[in-house]
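Colleague: This structure is in C-alpha cells; I'll ask about it shortly.
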Amino acid sequence: MSDDASQAAEEEVIATIRSQIEDNPILLYMKGSPAAPQCGFSAQTVQCLIACGERFAYVDILSNPEIRSTLPGYANWPTFPQLYVNGELIGGCDIVTEMFESGELEPLIKGASASG
C-alpha cells in the first residue's frame, strides 16, 4: 500500500471512530461483547456499566482490527477497554471501576443516557 493509500485508510478509520463516539452517548471499546467479554478488564468494565442500569453501545475491537490499531493513537490511551461518555474519554477498567465504587459513574451514565 502506498503512503497516500495507507494515510487515506487511517483517516477513514479515524472518521469512523469519531462518528461512533459522536453518535453514541455511552460507548465502550472492548474485547468481545457485553454478553461474551474476551478479557477480564472488559468483563469488569461491562459489569460496572450494567450495574448503572442504562443501555450502552460497544465496539468489539477484536473483530475490528483497524479500530484496535488506530484508537490508542487517536485517544492517546494505550489500552482497552476504553469508555466514552458524551464524546469524552472516561478511561479504562481501573478508572471506570473506581468511579463506580465511589458513586461517580452511575450519575454520569444516567445523565448521558437522558441526554442521548
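Colleague: Please pick out the residue among ILE17, ILE61, ILE21, ILE50 that is in contact with a Gly (Cβ under 6 Å, 6 or more places away or on another chain) and of a type outside the set (Gly, Ala, Ser). Steps first, please.
Modeller: Details: ILE17 fails: in contact with a Gly (Cβ under 6 Å, 6 or more places away or on another chain); ILE61 fails: in contact with a Gly (Cβ under 6 Å, 6 or more places away or on another chain); ILE50 fails: in contact with a Gly (Cβ under 6 Å, 6 or more places away or on another chain).
Within the list ILE17, ILE61, ILE21, ILE50, the selection yields ILE21.
Colleague: Right, another one. Restricting attention to segment 47-93, which residues are in contact (Cβ under 8 Å) with a residue 24 or more places away in the chain, in contact with a strand residue (DSSP E or B) (Cβ under 7 Å, 6 or more places away or on another chain) and part of a helix (DSSP H, G or I)?
Modeller: Of everything in segment 47-93, those that are in contact (Cβ under 8 Å) with a residue 24 or more places away in the chain, in contact with a strand residue (DSSP E or B) (Cβ under 7 Å, 6 or more places away or on another chain) and part of a helix (DSSP H, G or I) turn out to be LEU49, ILE67, LEU71.
Colleague: Scan segment 101-116 for residues that are more than 15 Å from GLY87 (Cβ to Cβ), part of a helix (DSSP H, G or I) and either in contact with a helix residue (DSSP H, G or I) (Cβ under 9 Å, 6 or more places away or on another chain) or of a type in the set (A, V, I, L, M) (or both) and jot them down. Spell out the reasoning first.
Modeller: Pass one, segment 101-116, residues more than 15 Å from GLY87 (Cβ to Cβ): 101-107, 110, 114.
Those still in the list that are part of a helix (DSSP H, G or I) too: 101-102, 105-107, 110, 114.
Selection gives GLU101, LEU105, GLU106, ALA114.
Colleague: Tell me, please, whether a residue that is free of Cβ contacts under 8 Å to residues at least 60 places away in the same chain, in contact with a Pro (Cβ under 7 Å, 6 or more places away or on another chain) and in a loop (DSSP other than H, G, I, E, B) can be found in segment 34-44.
Modeller: No; the residues of segment 34-44 include none that is free of Cβ contacts under 8 Å to residues at least 60 places away in the same chain, in contact with a Pro (Cβ under 7 Å, 6 or more places away or on another chain) and in a loop (DSSP other than H, G, I, E, B).
Colleague: Looking for something over 14 Å from the mean Cα position of the chain (by Cα), among the basic types (Lys, Arg) and part of a helix (DSSP H, G or I) - is there at least one such residue anywhere in segment 11-33?
Modeller: No: segment 11-33 contains no residue that is over 14 Å from the mean Cα position of the chain (by Cα), among the basic types (Lys, Arg) and part of a helix (DSSP H, G or I).
Colleague: A follow-up question, please. Residue pairs, Cβ under 7 Å, 6 or more apart or interchain, first in segment 1-22 and closer than 30 Å to SER113 by Cα, second surrounded by 10 or more Cβ atoms within 10 Å (Cβ to Cβ) and of a type in the set (D, E, K, R). List them.
Modeller: From residues that are closer than 30 Å to SER113 by Cα, the pairs are VAL13/GLU66.
Colleague: Filtering segment 39-68 down to residues that are of a type in the set (Phe, Trp, Tyr) and in contact with a helix residue (DSSP H, G or I) (Cβ under 6 Å, 6 or more places away or on another chain), which residue is surrounded by the fewest Cβ atoms within 10 Å (Cβ to Cβ)?
Modeller: Kept after step one, since they are of a type in the set (Phe, Trp, Tyr), are these residues of segment 39-68: 41, 56, 58.
Retained after the next criterion (residues that are in contact with a helix residue (DSSP H, G or I) (Cβ under 6 Å, 6 or more places away or on another chain)): 41, 56.
On the way: PHE41: 18, PHE56: 21.
It comes out as PHE41.
Read-outs: derived from the displayed coordinates by stated rules, not from any lab. Note that the structure is predicted; figures quoted are calculated from it, not measured. Here Cβ is always computed from backbone atoms with ideal geometry, including for glycine, and neighbour counts include all displayed protein chains.
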